[in-house]
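Enquirer: Before I ask anything, let me first share the structure, which is written out below as structure tokens.
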Amino acid sequence: MANKVLIIGAGGVGQVVTHKCSTVPEVFSEIMLASRTVSKCEKIASKLARPIKTARVDADNVPELVALIHSFKPDCIINTALPYQDLHIMDACLETGTDYIDTANYEPVDEAKFCYKWQWEYHERFREKGIMALLGSGFDPGVTNVFTAYARKHHFDEIHELDIIDCNAGDHGQPFATNFNPEINIREVSAKGRFYENGTWKETGPLSVSRVYDFPDGIGNKKIYLMYHEELESLIKHFPEIKRARFWMTFSDNYLKHLEVLQNVGMTSIEPVEYKGQRIVPLQFLKALLPDPGSLGPLTKGKTCIGCHVKGIKDGREREYYIFNICSHEAAYKEVGSQAISYTTGVPAMIGAMMLLTGTWRGAGVFNMEEFDPDPFMDKLNKHGLPWKEIFLKE
Ligand SMILES: NC(=O)c1ccc[n+]([C@@H]2O[C@H](COP(=O)([O-])OP(=O)(O)OC[C@H]3O[C@@H](n4cnc5c(N)ncnc54)[C@H](OP(=O)(O)O)[C@@H]3O)[C@@H](O)[C@H]2O)c1
């Protein structure tokens, strides 16, 4: 099978996706990596064992994207640029009849708000064109959606409570840094918390709800904070029996201390300010000062643990279950030159593309991960570097 893949965005995640696709030539026979800064693509390409093509593209410019797609003729595009580019790349896919995959849902640049509405609105047009979009094929969203679908398929008749818990127990030794794109990361963590309960969404102050969770594999007790995350929106749509769905993330006291000060002085704002005759966005300026997440790879030690804690009913009895992956920052760096945050996002993006290109997951329209059979994806996770474990806490 000859398949061409175009990866857009040569950042932390793009590097892992490109690396992983290059190790599966039987699925990804030709690879092109394109980004705004072509030298970043060339740097990544120079580290691979097989040749790939590189190109410069501004993914906010639809005609430029369309021209690139016409010249390379990819079978699918993996979008690892920023959420701001999602709709532009989807427009170019529609115009050229190309399948689409991403890892984060669309966010407007001038409003820190993310939801699936904008991308779901493309469903009819993708369906009519006979092409497929697979949304959120990272870890969370992505694997967490597949974990939920797997739990529902094999272990539950009904899921009643879903807690998605993202723990980064790693340490990069820097005073303050984010482990993926700082602008997107800070917009996400400084937003209000939101969870779903008994048919309605409930809001909480930013990082105002916390508790301690005991993580497996020697990680132990860590404080987790309630946040809003996009997969909650699609999971309650596709598993309407869910009564409560929440998302939690760990943060170190040091990270929170820095974030609080930066917020208090206005450095995390996305409202432009006038400075010496120029309009600057404080958060974008802050991004320029912070360490590039890509530079954290060799510095980060420890591991991540991301999983789903599920309660519900099986055969009329209450069941409680936890499914998770442990990923070592050092092992990820040794394999692909990136820390575990980029690794845990890039591997599922590659597997999502594999599902689509091999016809294992197929459909015309716009889809979330949990709409497909989880089993083949779960099998590939074990084979491509993200093995998972499950624990029955009550059955
Ligand atoms: N689902 C998950 O689990 C998960 C987890 C982490 C991250 N993510 C998502 O993954 C994506 C990538 O994150 P990252 O940490 O890799 O970010 P990153 O390191 O900042 O990389 C983003 C890349 O996108 C490129 N880019 C930005 N605007 C562009 C444009 N207009 N045209 C072409 N290229 C453009 C940038 O290219 P240049 O440098 O060439 O300008 C940059 O290299 C984000 O959407 C993030 O939200 C998902």
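The values are calculated or read from the model by the stated rules, or taken from the named source; none is laboratory data. In this text the structure is predicted, and so the values were computed from the model without any measurement. Every residue, glycine as well, gets a Cβ built from its backbone with ideal geometry; the counts of neighbours run over all protein chains shown.
Enquirer: Go through Phe239, Phe215, Phe251 for me and flag whichever is under 26 Å from Tyr84 (Cβ atoms) and either within 16 Å of the ligand (Cβ to nearest atom) or buried (at least 17 other Cβ atoms within 10 Å of the Cβ) (or both).
Expert: On the way: Phe239 fails: under 26 Å from Tyr84 (Cβ atoms); Phe215 fails: under 26 Å from Tyr84 (Cβ atoms).
The match here is Phe251.
Enquirer: Whether any residue in region 160-168 is touching a His at 6+ places or on another chain (Cβ under 9 Å), over 20 Å from Leu393 (Cα atoms), buried (at least 24 other Cβ atoms within 10 Å of the Cβ) and of a type in the set (A, V, I, L, M) is what I want to check.
Expert: For region 160-168, residues touching a His at 6+ places or on another chain (Cβ under 9 Å), over 20 Å from Leu393 (Cα atoms), buried (at least 24 other Cβ atoms within 10 Å of the Cβ) and of a type in the set (A, V, I, L, M): absent.
Enquirer: Name the single residue, out of those in region 127-139 being among the small types (Gly, Ala, Ser) and part of a strand (DSSP E or B), that is surrounded by the most Cβ atoms within 10 Å (Cβ to Cβ).
Expert: Taking the candidates together, the pick is Ala133.
Enquirer: Also, quick follow-up: Out of all the residues in region 353-363, is one or more over 20 Å from the mean Cα position of the chain (by Cα), within 20 Å of Asn3 (Cα to Cα) and free of Cβ contacts under 8 Å to residues at least 24 places away in the same chain?
Expert: Residues of region 353-363 over 20 Å from the mean Cα position of the chain (by Cα): 358-360, 362-363.
Filter once more, so that each one left must be within 20 Å of Asn3 (Cα to Cα): 358-360, 362-363.
Subsequent filtering for residues that are free of Cβ contacts under 8 Å to residues at least 24 places away in the same chain retains 359-360.
Yes, region 353-363 has at least one match.
Enquirer: In the list Lys117, Lys129, Lys113, which residue meets the criterion of being on the phi < 0 side of the Ramachandran plot and more than 22 Å from the chain's Cα centre (by Cα)?
Expert: Lys129
Enquirer: Something else about it: Contact list please: Cβ distance under 8 Å, first residue in region 67-90 and free of Cβ contacts under 8 Å to residues at least 60 places away in the same chain and closer than 14 Å to Arg36 by Cα, second residue more than 12 Å from the ligand (Cβ to nearest atom) and outside any helix (DSSP H, G or I), pairs at least six apart or on different chains.
Expert: Partner pairs satisfying both residue conditions: Tyr84/Pro108.
Enquirer: Among the residues of region 251-275, which ones are more than 23 Å from Glu203 (Cβ to Cβ), in a helix (DSSP H, G or I) and either in contact with a helix residue (DSSP H, G or I) (Cβ under 9 Å, 6 or more places away or on another chain) or in contact (Cβ under 8 Å) with a residue 60 or more places away in the chain (or both)?
Expert: Asn254, His258, listed by residue number.
Enquirer: Still on this structure: May I ask you to list the residues in region 117-126 that are in a loop (DSSP other than H, G, I, E, B) and in contact with a strand residue (DSSP E or B) (Cβ under 7 Å, 6 or more places away or on another chain)?
Expert: First, the residues of region 117-126 that are in a loop (DSSP other than H, G, I, E, B): 121-122.
Hit for region 117-126 is Tyr122, nothing else.
Enquirer: While we're looking at this one, here's another question. Within region 94-113, take every residue that is within 15 Å of the ligand (Cβ to nearest atom) and under 22 Å from Met355 (Cβ atoms) and give me the one that is surrounded by the fewest Cβ atoms within 10 Å (Cβ to Cβ).
Expert: Among residues in region 94-113 that are within 15 Å of the ligand (Cβ to nearest atom) and under 22 Å from Met355 (Cβ atoms), the one surrounded by the fewest Cβ atoms within 10 Å (Cβ to Cβ) is Asn105.
Enquirer: Looking at the structure I just gave you, is Lys47 crowded, with 18+ Cβ neighbours inside 10 Å and charged (D, E, K, R)?
Expert: Taking the combined requirement at face value, the residue does not satisfy it.
Enquirer: Right, another one. In the list Leu87, Leu48, Leu6, Leu65, which residue meets the criterion of being in contact with a strand residue (DSSP E or B) (Cβ under 7 Å, 6 or more places away or on another chain) and either at pLDDT 95 or above or closer than 23 Å to Thr358 by Cα (or both)?
Expert: Within the list Leu87, Leu48, Leu6, Leu65, the selection yields Leu6.
Enquirer: Still on this structure, I have one more. Can you tell me which condition Glu128 does not meet? The list is (1) acidic (Asp, Glu); (2) modelled with pLDDT of 95 or more; (3) within 16 Å of the ligand (Cβ to nearest atom), and all the others hold.
Expert: (3)
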